[in-house]
Structures are given as structure tokens and as C-alpha cells.
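The values are calculated or read from the model by the stated rules, or taken from the named source; none is laboratory data. Keep in mind it's a predicted model, so treat the numbers as computed, not measured. Methodologically, a virtual Cβ is constructed for each residue, glycine included, from the backbone with ideal geometry; neighbour enumeration extends over all protein chains shown. Only protein heavy atoms, including side chains, enter the accessible area calculation; ligands, DNA and RNA are left aside. Shrake-Rupley method; radii C 1.70, N 1.55, O 1.52, S 1.80 Å.
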Amino acid sequence: MWGGRFAEGPSAIMREINASIPFDKALWRQDIAASRAHVAMLAACDIVSAGDAEAILGGLETIAAEYEKDGVPEDWDLEDIHMTTESRLAELIGAAAGRLHTARSRNDQVATDFRLWVRDAIDQTDAGLEALQHALVTQADAHAGSIMPGFTHLQTAQPVTLGHHLMAYYEMVARDRSRFHDARERMNLSPLGSAALAGTGFPIDRKMTAQALGFDGPTKNSLDAVSDRDFALDYLQAAAQCSLHLSRLAEEFVIWASQPFGFVRMADSLSTGSSIMPQKKNPDAAELVRGHSGRIVGCLTSLMVTMKGLPLAYSKDMQDDKPPVFEAANLLGLSIAAMTGMVADSTFKTERMREAAELGYATATDLADWLVRQANIPFREAHHITGAAVKLAESRGVALDELPLADLQEIDSRIDERVFEALSVEASVAARCSFGGTAPEEVRKRVAEAKASLDSAA
């Protein structure tokens, strides 16, 4: 490949450190697609003959079939997927294969292939997240009225519904999808034709290749086009944020599945046992999703550090751009699939959840709100009165609604028998009917909106 420039071939060390074929072979579909678009444009612009173009296209079709059937061979002397394909093309059609690289460089070639790969990865990720949203909405609909404790600081705060809790993750996933959509829109420009860094003197049609590959148009600066990896960083940033959301949901399942909580029974298919304790059913899938998030964040950090000090245009450091993206995409896809199955196939123990919602004086805020509404007491004063009532109930080991009215009136005479209508967990969640609140009627409205949104997108 290096022609007459060097008197000797590369050393064994150089050969090994320089070769990227072990990982960039994953780009073979994108590389074939971009080469097809490129040679078709060369022929249309009379840069190569129709006969050579036809031979090249036929050879690329044969190579694609070989790769599909047998995988991409790893010859480290050929370095990467681009030279591997060009070498095989030369074996198939002879000298005409050399015309394929006219008016392009490996710099714009890999930038194009990588963009195509990341674009495909975004589409796959979006499809997986949409499936997760469907699972969340289905369970939220079934449990719009199922009462559970809501927590702050992992301490019982106020009663909420399970449907409301699950719809919180629906909203997180919606933001994740929007970030991936934004990244896809921003990256959808074609570097092909930028050549090594300065463009080319051949009369090429970059709009033609951009259109053939589904891009919105060509990039506007050849230096930027070959050195830009913002699209990969955008993908990793969206993936890292998404993985954090998946990790939070996974942590909920880990906690809920533990015996002290007992809120959920996870499917056997996403659980494992213990080598020594036969009673164990471990939420390993959830724990691995939680662990994968750290690795995905690490992938983002890796590429950011690689890119942080590179001058224009291409530097060999950028060969290390693909492994972290490939790793993150694989981990994220597994995590999304695992969480979708976990949400869809778990059985929620709603009676246990409701029992837990009655603990910890979760309706204390409802007593304070009642004092504000019915007795016209300023909230801060109502808060103080309620605190005294909770202290009394705690000293007696009873719930707030089990305190006699006379005892409540000793704390504040403005309390009357109507207060008990507000102190049940059912009354508490029903009262939270503000837009976006936990009241079952509000949850069902949000579920209906989510279903309509998912259906319209489909």
C-alpha cells in the first residue's frame, strides 16, 4: 500500500499498533455502501468509465456477500476495513479496482463510514427505547391506581401510585430519545469528497453521494469534515445520560425485589441463583444494567480525552475513536433490552406496596394541607401542628388516622372530624390531582397521552 515511499516494511510492533481491522471490520456494511455511492458518482461525472464502474459495483456486491457469509478476514498487513475491501476487489476485477479510490482518501472514507454506523446505531437505540416506553406505559396503565410509598432520601414521604412512578421513567426515556434524535439530525451531513483534508481537484458531485447515502447534504468544510468526531461524542453523551436513567430504574428493581421491600417479583428469565444458598433469587440483570452505566460513561470519557488536544486535521489518535463507541452501543443495547423485559415481565405486589405506603406517617402532609384549606391556617403553622400530631402518634405506635379526635383537638382545637376523610392513603393520592400529579385520574390522562404519542410516531 505504501508504494515506493519506504525502503523497508513496518516492524512487527508498528504492524500491530497500526492495524485497526480487528475492530473497524464492524464498518463493512457502511464501507461497501459508501463505496457504491462514490463509484456511481464517479461514473456519472465521467471521472471513471461506465465499464470500470460496473466492474467495481459487481465486485463490491460479491465482497458484501462474502462478508455476510463468512465474516471479514483479518489481514493486519492490510490494516483496516478499507484496504481489506480494496485488496479483495483487486483480486476479483484486477487493475480497475484502483480507480475506486479516485477523489477520496481514507480520511473522508472512514469519517463517512463511521457517521453511517453511528446513524444506524441511533436508529437501533431509538427502536429499543420505544419498546421500553411501551412496556412502561402498559404497566403504568394497569397500575394507575396501585398505591405505593413515594420516597425522598429513601425515606417514606407521601403516597404515590405505581403508575405515576413508572411514568416518571417514561418521561426520562422520552428525553433520551430526543437527545438521540438531536444528535442524528446534527450529524446527518456527508464528509465524502473531502478527501484527505483539502478537498479534491476532480469535478465530483458531493450532493449526489450525500443523497445516495441518506444524508441531508455534504459537509461545508473539508478540514472539519475529516477531523470531526462530534457526532460520536454526541452519541456517547446521549448514551451516557440514557444509561444513567436505566441504572436508576435498575436500582429501583434491586431495592423493590429485596425481602425488606417485597414490592416486585422479577421474572426468572432475568434472575439468577446462588452457588451456595438455594433460596436466593438475585436481580443480576438489573445489577448488570447498573454496572454497564459506569462503563458507558467511561467510553464517553475515553473519546473526549482522545479528542481534547488534536490539531486539524486527521491524526492517528482518531483510530481509537471507534472501540469506545462500539462498546457503548453494545452495552446500551443490552441494557435497554434487559430493562424492557424487566418492566414487562415483572409482577408487582400491590398489597405489599399499599401496606408500606401506610407506614412512616406518609399522609402527614395531607393533615397540614387540610388545616390550610379547612381551618385557614398558614402553612408554616399547619406544618408545626402536624409535626406535633406525628410526634404523638409515634409515641403511641399508631397511624395518624388512628389518633382519637379528642387528642388531635388537644393539639389544635380547629381540627374536626372531617380531617379523617383526608388521612387515608387513597384520599392522599386522589387529592394530588394537579397537572402531572399522582392522582389515578391524572396518571390515566398521562398514559393516554403517551399511548397516543407512541401510536402517532409508529
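Some observations on this one:
- So TRP76, is it closer than 25 Å to MET14 by Cα, open to solvent by 60 Å² or more (accessible area, probe 1.4 Å) and in contact (Cβ under 8 Å) with a residue 24 or more places away in the chain: yes
- Selection count, the stretch 91-126, where residues are closer than 15 Å to ALA53 by Cβ and assigned to a helix (DSSP H, G or I): 10
- Test: residue in the stretch 282-289 that is out of contact with any His (no Cβ under 8 Å at 6 or more places or on another chain), acidic (Asp, Glu) and surrounded by 14 or more Cβ atoms within 10 Å (Cβ to Cβ): yes
- Answer residue from the stretch 240-281, given it is open to solvent by less than 30 Å² (accessible area, probe 1.4 Å) and of a type in the set (Phe, Trp, Tyr) and is farthest from GLU351 (Cα to Cα) among those: PHE253
- Among the helices (runs of 4 or more DSSP H) confined to the stretch 338-431, the ones with at least 3 residues that are at pLDDT 90 or above and crowded, with 17+ Cβ neighbours inside 10 Å are located at 350-357, 364-375, 379-396, 425-431.
- Candidates SER243, SER269, filtered to the one that is in a helix (DSSP H, G or I), touching a residue at least 12 places away in the same chain (Cβ under 8 Å) and over 30 Å from ASP182 (Cα atoms): SER269
- When the stretch 127-150 is filtered for residues that are open to solvent by 30 Å² or more (accessible area, probe 1.4 Å), in contact (Cβ under 8 Å) with a residue 40 or more places away in the chain and part of a helix (DSSP H, G or I), the ones remaining, listed by number, are GLU130, ALA131, HIS134, THR138, ASP141.
- Of residues in the stretch 180-223 being among the basic types (Lys, Arg) and buried (at least 17 other Cβ atoms within 10 Å of the Cβ), the one farthest from VAL48 (Cα to Cα): ARG184
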